[in-house]
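Heads up, the thing below is written out as structure tokens.
The values are calculated or read from the model by the stated rules, or taken from the named source; none is laboratory data. Note that the coordinates shown come from a computational prediction; the quantities given were computed from them, not determined experimentally. All Cβ positions, glycine included, derive from the backbone under ideal geometry; neighbour counts span all protein chains shown.
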């Protein structure tokens, strides 16, 4: 929508008017104009009263003979830039003040699409607009989420020719240019990177993407990175990743190879581990010993107290399976070695727990070696709670349960499941949490779900409390 306005009368700006008053008037007009731009962009009709008001503002305050209400902010920038060279237009000093006011530039640029790739022509307006444009991109990419969106059942059907970067769809062939632009033109300083399900991509591109994240976003020395989540799902723990782990305050989920390099002293804000890591640690200790006593001595040497973490985030796969031919092929949450968990909780001085219930992960296949020995007590959160031994010497400030990627656990807690499927035992979930991770405070993040029966959650906690008393 383009509205042409012709003015027959105008008013000269008085020489006595102060510079501040001129600027105030211009801001008043710009704000009103911006509101009309936003309205047209949202598909709403600009009323005659609004047009008349805009005419009055122009007639009363500016010597403009003609003005155009533009659909796009870039047209406004170009229009204002052109007016700067016309002697009969608004004083050049006022234009200069508009373009040197960072807050005003950012406010106008906020009308553009969130996808900066659609707005690159804005960089051509002038230097100050280009600087602000790049600054906004830099700010919006301090935190990056890089993900491949695909469900397990749709894996064969879903195209692997694109990923999502900060929720914007990017073709795989454009990722290199995207990252190079961020690194060179924007000079981005990424502080947090979270990847998700990149292990489901084609192997060649997956490994290339891993290297691009390190070279273009993190950099050789990782000077700015503070948090790196899930990148080890691609490489299974490479030298580049565990070197970055030394510099982060949040990292994981740890692979065993990375854990073995953690011989340095460091306190993490949050460390992420998986149920698979517990299994791998237990099997490693079994392989290094001949009996249960030697196994636990090996566990003491494997889990070192040199590192600590304020919060331990435990990723639990709801649909792990045994190899073909093994009993229990149905998808389910599998038993974890209790002594390994307790050793980590004590030696790393964990203060709070996060349980991340995930429908499926890259570590869905169980190993059978652990099942052949009875060295470790087996525990899981959907067992009958009386089977879970209490931890009297442990106490945590808070246990937070993340359910955004859960299907079975969140379904059972809400007492909502198809008639064709039986409950998975998560009715015992909260009582088991209180026994395995003693705490006075449990919270749940159900950001993608709305069908949980709150009364049932209350009854689950109350039942366990009454049982203990």
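Looking at 355, 345, 371, which is the one that is within 26 Å of the chain's Cα centre (by Cα) and more than 12 Å from residue 438 (Cβ to Cβ)? Checking each option against the conditions leaves just 355.
Taken together, the residues in segment 353-396 that are touching a helix residue (DSSP H, G or I) at 6+ places or on another chain (Cβ under 8 Å), within 23 Å of residue 286 (Cα to Cα) and assigned to a strand (DSSP E or B) amount to 2.
Could you tell me whether segment 305-313 includes any residue that is surrounded by fewer than 22 Cβ atoms within 10 Å (Cβ to Cβ), out of contact with any helix residue (DSSP H, G or I) (no Cβ under 8 Å at 6 or more places or on another chain) and within 24 Å of residue 212 (Cα to Cα)? No. Checking each residue in segment 184-198 for being outside any loop (DSSP other than H, G, I, E, B) and either surrounded by 18 or more Cβ atoms within 10 Å (Cβ to Cβ) or touching a strand residue (DSSP E or B) at 6+ places or on another chain (Cβ under 7 Å) (or both) picks out 192, 193, 194, 195, 196, 198. Touching a helix residue (DSSP H, G or I) at 6+ places or on another chain (Cβ under 9 Å) and in contact (Cβ under 8 Å) with a residue 24 or more places away in the chain: does that describe residue 283? The answer is yes for residue 283.
Residues checked against (1) assigned by TED's automatic domain parsing to the domain that holds residue 297; (2) surrounded by fewer than 20 Cβ atoms within 10 Å (Cβ to Cβ); (3) touching a residue at least 60 places away in the same chain (Cβ under 8 Å); (4) assigned to a loop (DSSP other than H, G, I, E, B):
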site	(1), (2), (3), (4)
243	no, yes, no, no
261	yes, yes, no, yes
267	yes, yes, no, no
271	yes, no, yes, no
279	yes, no, yes, no
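Only one entry in 350, 340 is in contact with a strand residue (DSSP E or B) (Cβ under 6 Å, 6 or more places away or on another chain), at pLDDT 90 or above, surrounded by 15 or more Cβ atoms within 10 Å (Cβ to Cβ) and more than 24 Å from residue 412 (Cα to Cα), namely 350.
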